[in-house]
1. Just tell me which aspartates and glutamates come within less than 12 Å, Cα to Cα, of A:K314; anything on the same chain fewer than 8 places away is out.
2. Partner chain Cβ atoms within 10 Å, averaged over the residues of B:32-43 - can you pull that number for me?
3. Mind jotting down the distance between the C-alpha centroids of region A:310-346 and region A:104-145, whole Å?
4. May I ask you to list the chymotrypsin sites (Phe, Trp or Tyr not before Pro) in region A:272-321 that are in a DSSP loop and have at most 13 other Cβ atoms within 10 Å of their Cβ?
5. At a 1.4 Å probe radius, carbon and sulfur cover how many percent of the accessible area of chain B?
6. Considering protein heavy atoms only and a 1.4 Å probe radius, which residues within region B:49-63 exhibit an accessible-area decrease of no less than 30 Å² in the full assembly relative to the chain by itself?
7. I'd like the accessible area for B:D3, computed on protein heavy atoms only with a 1.4 Å probe and all protein chains in place. Round to 10 Å², please.
8. Structure shown: which of A:K177/A:K245; A:K245/A:K291; A:K128/B:K78 lie over 20 Å apart, alpha-carbon to alpha-carbon?
Amino acid sequence: MHDLLSKFDGFIAEHSGLLATGVRDPFGVVMERVLSPTRAIINGRDTMLVGTYNYMGMTFDPDVIAAGKQALEDYGAGSTGSRVLNGTFTPHLGVENALKEFYGTTSAIVFSTGYQANLGMVSTLAGKGDYIILDADSHASIYDGCKLSNAEVVRFRHNNVADLDKRLGRLPADAGKLVVLEGVYSMLGDIAPLQELVAVAKRHGAMVLVDEAHAMGFFGQHGRGVYEELGLEADVDFVVGTFSKSVGTVGGFAVSNHPKFEILRLLCNPYRFTASLPPAVAATAEASVRKLMVADEKRANLWAVSRALHGGLKAAGFQMATETPESAIIAVLLPDQISTVAMWHQLLEHGIYCNMSRPPATPAGIFLLRCSLSAAHTLDDVTEIVSRFVAARASLG
Amino acid sequence: MTDQAIAARLFALIEPFNRKGLALSADTHFANDLELDSLTVMDLVANIEDEWDINMPLNMLPDLETVGQVADAVAKLKG
Ligand SMILES: Cc1ncc(COP(=O)(O)O)c(C=O)c1O
């Protein structure tokens, strides 16, 4: 028998080599208890959470929890099937209506995760003979959507307007084209020059999908995302998002004003051949989305703490992935895997949990300690986080 | 290899990624010989696209394992 797992031997050796240096496993952190959106017990220690996507701090919101409890009582623990085959529950419609209000669109389709939303949208919109043109730094769910589609897939250099223009110019003028962009790129936390990119896409007759996973709630007047902030609502055809970040639960969605959008429910495998969200999750998501419509204070605080963290780490001599704080992802650049993991480990020992990121999640050669704050953090928390970064660095000698 | 001119320009594009200083040939294998990871391959592909003003669709890449196969693909895409 040929052992199919033997092809991973190199990876297994690398991972054990990493752990043999005496560090905790950066890919195996356990939250033993969660105290609040900003604190958890990890390895028995009260730890500041600086690496969740709980941007708006909604996970423990009392209204969100109450809505979930009520739906759990009313509808039971699970949906036990696909909406197309086994039926829709009222909370599914409730959250889709909330999304339509939030985004001001005529349609909203909820998926079980954001990953599946991208997988389904990208693979179903672009079929045989069509072209998908995607940013090189796109999220894995977008790349996987490309693999699942029968379209031709063309990549352009990250956030490079001229590069997109050139590649679109090489395609047949009358072919179907889907340009896939993200508002915030989640590794470095940089935002896309959407005005220019979308203008180029439109000039070449392409439809545009923007993933606003890391922008919901705090970019644009209504918190719709970077595309709203840049005034592109009339030009973006499809927006993809997730409930796993600002909304504080789990699930994914796509919204659009396209008059034929609803038909995708019947054609899209990652929607129709998997179980829908548990009704209780849909109900928590609805409660949270509705609160995000009026979360001005949270939003202002998230920006304030994110800017303070960027400024504080930069002043302390850390090399930042972006010159200025462009989003709620504040990433610190390190030279290589060994130094990144060593610092990550020391931070955890100092009661700070952030993310260690490396290729292929990051672009080639880039190693990061990724921090992301929550609206529930205070400026005092930020001061404490920066001083623990400094202490962790000092303890490395 | 189909076209010597294409091969010569291709070798020049690959050279910056040839960390082990191998003598490049049509049979040079990207993963096994040059040990290029998937992200580095992406950079190289973007450079090749610009050199010949072509799009090299991602769906094509799994079949292009050697330098000779890429040269053939470039010739075909150039038409
Ligand atoms: C840009 C982007 N899109 C989509 C997703 C997937 O979202 P979800 O966690 O809901 O599957 C993520 C999250 O990791 C993401 O960063």
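The values are calculated or read from the model by the stated rules, or taken from the named source; none is laboratory data. All figures in this text were calculated on a predicted structure; none of them were measured in a lab. Heads up, the Cβs are rebuilt from the backbone with ideal geometry, glycines too, and the neighbour counts pull from every protein chain shown. Protein only, heavy atoms only, side chains kept; ligands, DNA and RNA dropped before computing areas. Shrake-Rupley method; radii C 1.70, N 1.55, O 1.52, S 1.80 Å.
1. Candidates past the 8-residue exclusion: A:E323.
2. Rounded to a whole number, the mean comes out at 2.
3. If we compute the Cα centre of each part, the gap is 30 Å.
4. Details: sites: A:F273, A:W303, A:F318; in loops: A:F273, A:F318.
Sparse-neighbourhood loop chymotrypsin sites (Phe, Trp or Tyr not before Pro): A:F273.
5. Details: 2100 of 4100 Å².
C and S fraction of accessible area: 51 percent.
6. Buried by the other chains: B:E49, B:D50, B:D53, B:N55, B:P57, B:L58, B:N59.
7. 60 Å²
8. Numbers: A:K177/A:K245 29 Å; A:K245/A:K291 14 Å; A:K128/B:K78 22 Å.
Where the Cα-Cα span goes over 20 Å, the pairs concerned are A:K177/A:K245; A:K128/B:K78.
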